[in-house]
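Undergrad: The structure's right below; bear with me while I get my questions together.
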Amino acid sequence: MIDHRTLRVALLGAGSVGSQVANLLIERADELEERTGARLELSGIAVRDVDAPRDVELPRELLTTDASQLILGSDIVIELMGGIEPARTLILEALNSGADVVTGNKALLATHGAEIFDAADQVGASVSYEAAVAGAIPIIRPLKDSLAGDRVKRIFGIVNGSTNYILDRMDRDGLSADEAMSIAAELGYLEADPTLDVEGYDAAQKAAILASLAFHTTVSIDDVHREGITSVTGEMVESARRAGLVIKLLAVCERLGEGDDESISVRVYPALISREHPLASVRGGNNAVFVEAEAAGDLMFYGAGAGGIQTASAVMGDVVSAARRHIAGGVGVGESPRGDLPVAPIGAIVTRYQIRLEVSDEPGALEAIARAFSAGGVSLATVEQTTIETDDGAPTAQIVIGTHRAHEEDLSDIVAALAASEVVERVASVLRVEGE
Ligand code: NDP
Ligand code: HSE
């Protein structure tokens, strides 16, 4: 006969995700007790305004504005407030008082992760954060546990739902970026500050978390090369479509070099992928992450990347694990940052590129461009020329160049030289081509 204990669970935040978590803790209390061997008692919910309207009706007596007081005496603290402060201080308070912590706060982990994991190690507590990356999709636990005996070579995927929604509607329905963005806002996909999504910060936070886990190295958001989707125009989306390609905001984390020269690259940017690639069919606000591991080979994780109830599922998985650890005793699985690999600059990456140039339609223009690539050591894979009319009505040649795999620093030098040359009127776009 199991002697069921009661574990006190404090919830910080009752917004889109927190209100759903509170509801699940209350409605599924009996089921959770069977699964964990402990009664999970929701001892309180800290919010800013106890009278604010909520997605889910919650018992009024559980709401409080005193998060620090609520944490005292808790066994598990679930932080779903978001942002850096007071979330950071409250998580440290929770750990120091002996509680296990569950959080979905990617912004905090991508900036203060090392401090929080150290604090947890020192007191023998755990910090779980499945919800911080790709919403409902189990990706943290596979990297931390299931693949812990393997060697991850590359992670590559779509980790921001709102920008995927915007790019998808631009591609499928010909919407402008502004039109697609206002629908994404109505659907609740965007962060309170949409710059975090469209400028790639949210995806970069998630990339930092994934790279830290995959390469056992502390990676912060400052280490991530970040480009958002604000430079992506309808013209670029249309041009990609005509070429059988689609533009996606990708996060790429990969090992470069070997042995003593080994480093990692962590980057977020809009890139072209073939319409045949599985990532091309990731629609709307969904996310998908590919993991390439030495022994396991290629793995794909797909599903809802955002949403209150979907993300609550990931939070609840962490809560159940934390409860089981409490009952079984022992420290949770800590982080392992001992790989300590250097993070390479963006110039060190090797990939394929597509460059669209507008050039004066004169003899020798194409030859001059080809010479620039040859002199820069970058090999051309495809060259297509069409004649377009610019705003002033003058005929202009549009040249779309696809390269073989090339070093980013070589490519940037060539693009800079072309932009300054007399034959090139405009560098219309430079996009990396991934997934091949
Ligand atoms: P919301 O903005 O919807 O909710 C935040 C909650 O925290 C609110 O209840 C708010 O109180 C409370 N809160 C904020 N600041 C304070 C404070 N200083 N003191 C007390 N309470 C405070 O956030 P989400 O639910 O969308 O997100 C929660 C976390 O989950 C974030 O870290 C987010 O990045 C992450 N996440 C969210 C996803 C999503 O789809 N929404 C997906 C994956 C992760 P009040 O209600 O009174 O204003
Ligand atoms: N704004 C985020 C996104 C929410 O669009 O993916 C989920 O983290």
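Undergrad: If you add up the charges near GLY317, with Lys and Arg at +1 and Asp and Glu at -1, over every other residue whose beta carbon is less than 10 angstrom from its beta carbon, what do you get?
TA: Net charge in that neighbourhood comes out at -1.
Undergrad: List the residues whose amide H sits under 5 Å from the amide H of LEU380, counting only those 5 or more places along or on another chain, with H placed 1.01 Å from N in the peptide plane.
TA: Answer set, sorted by chain and number: HIS404.
Undergrad: Counting other Cβ atoms within 10 Å of each Cβ, which trypsin sites (Lys or Arg not before Pro) in the range 28-75 have at most 14 and sit in a DSSP loop?
TA: Those that pass, being in a loop and sparsely packed, are ARG28, ARG48.
Undergrad: Same structure, new question: How large is the Rg to Rh ratio of the range 133-277 when both quantities use alpha carbon positions and Rh follows Kirkwood?
TA: With Rg and the Kirkwood Rh in hand, the quotient comes to 1.00.
Undergrad: Tell me, what is a quarter of the convex hull surface for the C-alpha atoms of the chain, in nm² with one decimal?
TA: The number I arrive at for the chain is 23.2 nm².
Undergrad: Turning to a different aspect of this structure: Using alpha carbons only, how many degrees (0 to 90, rounded to 10) separate the axis of helix 201-215 from the longest principal axis of the chain?
TA: Taking the Cα atoms of the chain, the angle to 201-215 is about 80 degrees.
Undergrad: Here's something else I'd like to know. Of ALA110, ALA372, ALA416, which has the largest mean-square fluctuation in a 10 Å C-alpha GNM of the chain?
TA: ALA416
Undergrad: Could you pull out every one of the lysines with an alpha carbon less than 24 Å from that of LYS248, ignoring same-chain neighbours closer than 8 positions?
TA: LYS106, LYS153, LYS206
Undergrad: Now, a different point. Report, in degrees rounded to the nearest 10, the 0 to 90 angle that the Cα long axis of helix 106-123 makes with the longest principal axis of the chain.
TA: So the inclination is approximately 40 degrees.
Undergrad: To continue, here is another question. What's the whole-number percent of alpha carbon pairs in the range 354-399 lying beyond 15 angstrom?
TA: The share of Cα pairs beyond 15 Å in the range 354-399 comes to 46 percent.
Undergrad: Could you give log10 I(q)/I(0) at q = 0.18, 0.19, 0.23 Å⁻¹ for the range 349-433, computed by the Debye formula over C-alpha point scatterers of equal weight, without solvent?
TA: Once normalised to I(0) and log-transformed, intensities are -0.69, -0.77, -1.11.
Undergrad: Next question. Read phi for every residue in the range 51-68 and hand back ³J(HN,Hα) as whole Hz from Karplus 6.51 cos²θ - 1.76 cosθ + 1.60, θ = phi - 60°, with x for Gly and Pro.
TA: The phi angles translate into 9, 5, x, 10, 4, 10, 6, 10, x, 4, 5, 7, 7, 8, 9, 9, 5, 4 Hz.
Undergrad: Which number do you get for Rg(Cα) / (2.2 N^0.38 Å) in the range 300-408?
TA: Against the compact-globule rule of thumb, the ratio is 2.01.
Undergrad: Please list, in order along the range 400-415, the HN-Hα scalar couplings obtained from phi with the Karplus expression 6.51 cos²θ - 1.76 cosθ + 1.60 (θ = phi - 60°), rounded to whole Hz, x for Gly and Pro.
TA: Ordered by residue, 3J(HN,Hα) equals 10, 10, x, 9, 6, 4, 9, 6, 4, 5, 5, 4, 4, 4, 5, 5 Hz.
Undergrad: Most fluctuating residue of ILE139, ILE399, ILE155 in a GNM of the chain with Cα springs under 10 Å: which is it?
TA: The residue that fluctuates most here is ILE399.
Undergrad: Helix 365-375 versus the longest principal axis of the chain: what angle, 0 to 90°, nearest 10, using Cα atoms?
TA: On a 0 to 90 degree scale, this one is about 60.
Values quoted throughout were computed directly from the atomic coordinates according to the rules given, and no laboratory measurement underlies them. Predicted, not measured: the structure shown is a model, and the values here were computed from it. As a convention, Cβ positions derive from the backbone with ideal geometry for all residues, glycine included, and neighbour counts pool all protein chains shown.
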